Each structure stands twice: as C-alpha cells, then as structure tokens.
Amino acid sequence: MKRLALAAALAAVSLAALAAPVTYTIDNSHTYPHFTYNHLGFSNQTHKFDKTSGTVVLDRAAKTGSVDVTIDATSVSTGHALFNEHLRGEDYFDIAKYPVITFKSSRMRFEGDRPTSVAGDLTIKGVTRPVTLTITHFKCQPHPMLKVDACGANATAKVKRSEFNMGKNVPYVSDEVTLTLAIEAVNKPAR
C-alpha cells in the first residue's frame, strides 16, 4: 500500500512538472499591433504602433494561459507625421494623459493543443472594456536563431472606438475598428 501511495505521489509530481506554465517575453521587433477602420467610405486604412512589451504565459498541458500586453500609444504610426500628431491629440489617443494601451487577460480558450481565443480587459484612453481576441494563427517551436523556445500568434477583435471616448467624426470615419495583434514572444531562461 505504501508503494502504491509513493508511486501515485511521484506520478503527481511528474505530471505537475510537465504542466508547468512557461512565460514568454514579447519580442518588440517582431510584434505588430495595428488597427483598421473605414475612412469616409473610400477605403480601409491600417495604422500601427511601433513599441509593444509584455508577457504571454502558457501551460499547454493544462490548456491555460494569460496575456499581459502594453502598447506605447505615443508610438502610433500612420506614415505621416502630421496625422501621427492628430491621432496623439485629445480627440483620439490623448497621449499626454494616456500614454499606454493595455490588454490584460487570464482566460485563454483551447481547442485541442491550440489556443483559439483570449478574453480580457482592453484599456484605451482610461476606459476599460472586456474584449475577446480570436487567435487566427498560433505556433510554438524552438527559435532557429535565438536558440530558445518561442511562440507566435495572430489575434484579432472588433471594437467601437466611441466606447473608448474616441468617437470624433463618427459615422463618417467608421466607429467599428478591427484590432489585430501579430505577436512573437520568446522564453528567456533566468540567468
């Protein structure tokens, strides 16, 4: 009986070791948060942010995970300096008061071995709303150049900018905005 209890305890420890969560640090040079909206009915415009940080925690055996992303709103980039300043102003991101955008989650949904969505709280311009990002692509593997484990994903969600106090020029410029996060993150071992 003691041997059976010892074997069960060792098995539990082994399974716990296999199901340990892994923390991945966002690689800013390969992470591309961007947003798309319709401009006056003429075209869909896409703009990006150049600075992103944060972590992704995955426990693939337990099928759980979390995401904590911080986007530097001051890094909004349209390709035109004047329009960048317009978006950084009070009517839109108001970077003087709200220099960062955050997405914090602890609910990740899996289908099989792959995460398919992550639900959390998106904060823009001091307003926090629940948002679910649909994961359209996901892959983890050893990074061939960095020689560490890495994961990448593409995720998207639709929000109404007016719900974040950014409703200027609605309905001429669409209220609905598609947010997309193309992300890569690496597991950097402790030194």
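One table, with the values for the structure above:
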read-out	value
Burial ordering of Glu176, Glu111, fewest other beta-carbon atoms within 10 Å first	Glu111, Glu176
Equivalent ellipsoid semi-axes - Cα gyration tensor, the chain, angstrom	39, 17, 14
Cβ-placed point charges (K, R +1; D, E -1), dipole of the chain about Cα centre in debye, nearest 20	740 debye
Above-threshold pairs, the threshold being 18 Å between Cα atoms, out of Lys125/Lys168; Lys104/Lys125; Lys48/Lys158; Lys63/Lys188; Lys104/Lys147; Lys147/Lys188	Lys63/Lys188; Lys104/Lys147
Whole-number percent relative contact order across the range 31-171, with pairs defined as alpha carbons under 8 Å at least 6 apart	16 percent
Theoretical gain in end-to-end length, Val148 to Phe42 [0.36 nm per residue, Cα-Cα removed]	33.7 nm
Ranked Arg114, Arg161, criterion: other C-beta atoms within 10 Å, fewest first	Arg114, Arg161
C-alpha center-to-center spacing [the range 21-67, the range 106-148] in angstrom	8 Å
Ordering of 68-76, 126-134, 139-147 by burial proxy (mean other Cβ atoms within 10 Å per residue, highest first)	68-76, 126-134, 139-147
Charge dipole of the chain about the Cα centre (unit charges at C-beta), most positive-ward option of Gly120, Val69, Leu146	Leu146
Residue-averaged [θ]222 nm for the chain, counting only DSSP H segments that reach four residues, each worth -39500 (n - 2.57)	-4000 deg cm²/dmol
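Just so you know, all these numbers are worked out from the coordinates, no wet-lab data involved. In this text the structure is predicted, and so the values were computed from the model without any measurement. Glycine gets a Cβ as well: all are built from the backbone with ideal geometry, and neighbour counts include every protein chain shown.
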